[in-house]
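Colleague: This is the structure, below, for whatever I ask next.
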Amino acid sequence: VQGVRNNQLIGYGIVAGLDNTGDQTTQTPFTTQAIGNMLSQMGVNLTAEQATKLQLKNVAAVMITSTLPAFARPGQQIDVTVSSLGNAKSLRGGTLLLTPLKGADGQVYAMAQGNILVGGVGASSGASKVTVNHLSAGRIAGGATVERAVPTALGQGGFVYFELASTDFGTTQNVVDAINRGMGPGTASAIDGRRVAVRAPENMDARVAFLGRIENLDVKPV
């Protein structure tokens, strides 16, 4: 359905609680800068000289990405992916600190925090090292809470528009025929080889039920 879409979110945050596998802060100055900014918001003020001398091997700078699904409402939880931005060896055992997630418009749509689940495993002894899968990225199931809803319009005026995944005139015509057979002649019409206009009820409750019936129609692709 045209207009029913996901929205990508992104944020920059700090992971704490690592077991000496965090960033080497001498090589990642943005990590110490982020820590200094975070501490200042909590009433701990560091001088510029103190901030540059921080050697915190149990923290890492990360990027957080997520997808805000259509019709998501404030209070709902969504999954997030946490990826190392610096030179951290592993994010295993780390906790993501409260991080705002922004959309392409710069507005905050969710807040993320929680323990990271890393699918990889690694071990080292002497000069030998073994790593299975990836240790510098992980996920937090339900790790972000939606704070702002994105308006999603179900059609324009008296019409709802359906879009095919790819342009195909034959399949588009089959969609029009299936809708007209199931919902009544003249309900649907093809706009081009990819989009179909469907007359829908003005009332939103009736429109949702109407779209549910259309979704259950069988269409044979060409």
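Colleague: Using θ = phi - 60° and the Karplus relation 6.51 cos²θ - 1.76 cosθ + 1.60, list the HN-Hα couplings for region 63-74 in order, rounded to whole Hz, with x at every Gly or Pro.
Modeller: Along region 63-74, the couplings run 10, 10, 10, 7, 10, 8, x, 4, 6, 5, 10, x Hz.
Colleague: A further question follows. Determine the share of the chain's accessible area contributed by carbon and sulfur atoms, expressed in whole percent, with a 1.4 angstrom probe.
Modeller: 52
Colleague: Can you check what the net charge comes to around residue 113, using other residues whose Cβ is under 14 Å from the Cβ of residue 113 (Lys, Arg +1; Asp, Glu -1)?
Modeller: -1
Colleague: Is it possible to state the helix-based mean residue ellipticity at 222 nm for the chain, with each DSSP H run of 4+ residues giving -39500 (n - 2.57), the sum divided by total residues, to the nearest 500 deg cm²/dmol? What is it?
Modeller: Estimated from H runs of four or more residues: -6000 deg cm²/dmol.
Colleague: Moving on. Name the longest site-free stretch of the chain, where the excluded sites are trypsin sites (Lys or Arg not before Pro) in a DSSP loop with no more than 15 other beta-carbon atoms within 10 Å.
Modeller: 58-147
Colleague: How far is the Cα center of region 1-42 from the Cα center of region 149-222, in Å?
Modeller: Rounded to whole Å, the Cα centres lie 42 Å apart.
Colleague: Using the basic label-point model (7 angstrom from Cα toward the beta carbon), what is the residue 33 to residue 98 distance in nanometres?
Modeller: Result: 2.4 nm between the two label points.
Colleague: Oh, and also: Can you give the accessible area of residue 179 in Å² (nearest 10), computed on protein heavy atoms with a 1.4 Å probe?
Modeller: 10
Colleague: Subtract the Cα-Cα distance of residue 181 and residue 219 from 0.36 nm times their separation in residues, and report this length gain in nm to one decimal.
Modeller: Gain on extension, residue 181 to residue 219, equals 12.6 nm.
Colleague: With every protein chain present, what is the per residue accessible area of region 130-222 (1.4 Å probe, Å²)?
Modeller: On a per-residue basis, 59 Å².
Colleague: Counting heavy atoms of the protein chains only and a 1.4 Å probe, report the per residue accessible area for region 1-110 as a whole number of Å².
Modeller: 55
Colleague: Hey, with R₀ at 30 Å, roughly what FRET efficiency would residue 10 and residue 202 work out to, going by the Cβ-Cβ distance, to 0.05?
Modeller: Approximately 0.20, to the nearest 0.05.
Colleague: Sticking with the crude label model, points 7 Å out along Cα→Cβ, report the distance from residue 117 to residue 65 in nm, one decimal please.
Modeller: Taking the two extended label points, one gets 2.0 nm.
Colleague: Turning to a different aspect of this structure: Taking the alpha carbon gyration tensor of the chain, what are the square roots of 5 times its eigenvalues, largest first, to the nearest whole Å?
Modeller: 49, 21, 13
The values are calculated or read from the model by the stated rules, or taken from the named source; none is laboratory data. Since we're looking at a predicted model, the values are computed, not measured. Positions of Cβ are generated from backbone atoms using ideal geometry, with glycine treated the same way; all protein chains shown enter the neighbour counts. The area values use the complete protein model at the heavy-atom level, side chains included, leaving out ligands, DNA and RNA. Shrake-Rupley method; radii C 1.70, N 1.55, O 1.52, S 1.80 Å.
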